[in-house]
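Each remark here refers to the structure printed beneath this line.
The values are calculated or read from the model by the stated rules, or taken from the named source; none is laboratory data. The structure presented is a predicted model; accordingly, all values stated were derived computationally and were not measured. Because the Cβ atoms are built from the backbone with ideal geometry, glycine has one as well, and the counts that use them run over all protein chains shown. Keep in mind that these areas ignore ligands, DNA and RNA; they rest on the heavy atoms of the full protein, side chains included. Shrake-Rupley method; radii C 1.70, N 1.55, O 1.52, S 1.80 Å.
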Amino acid sequence: MFLSIVSGLQHWAMQIQRILNYKLDHLSPQDYSIMLVFAIAIGYCLLKGPNV
């Protein structure tokens with residue numbers, strides 16, 4: 001049972017990776033930079049948390 005769950009998760013992750021590789025294959029360096037800035041900003045906001 002555990003092995004089938006792990007296998008299913010690996011299959012799902014490979015499908016997601018294949019889709020992302022197909023979609024992100026044609027992006028310019030400027031597009032990557034914009035996505036990186038957004039990822040850093042969102043990560044900062046999530047990790048900052050409430051100031052208690």
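Mind listing whichever residues of the range 1-13 are more than 18 Å from the chain's Cα centre (by Cα) and assigned to a helix (DSSP H, G or I)?
Within the range 1-13, Phe2, Leu3, Ser4, Ile5, Val6, Ser7, Gly8 meet the criteria.
Scan the range 14-33 and report the pairs whose first residue is open to solvent by 100 Å² or more (accessible area, probe 1.4 Å) and whose second residue is aromatic (Phe, Trp, Tyr) and in a helix (DSSP H, G or I), with Cβ atoms within less than 6 Å and a gap of 6+ or a chain change.
Here the result reads none, with nothing in the range 14-33 linked to a residue that is aromatic (Phe, Trp, Tyr) and in a helix (DSSP H, G or I).
Let's see how each residue does on (1) over 12 Å from the mean Cα position of the chain (by Cα); (2) assigned to a helix (DSSP H, G or I); (3) of a type in the set (D, E, K, R):
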position	(1), (2), (3)
Gln15	yes, yes, no
Ile19	no, yes, no
Lys23	yes, yes, yes
Ile34	yes, yes, no
Leu46	yes, yes, no
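What is the number of the single condition among (1) modelled with pLDDT under 90; (2) open to solvent by 100 Å² or more (accessible area, probe 1.4 Å) that Tyr44 does not meet?
It fails just one condition, (1).
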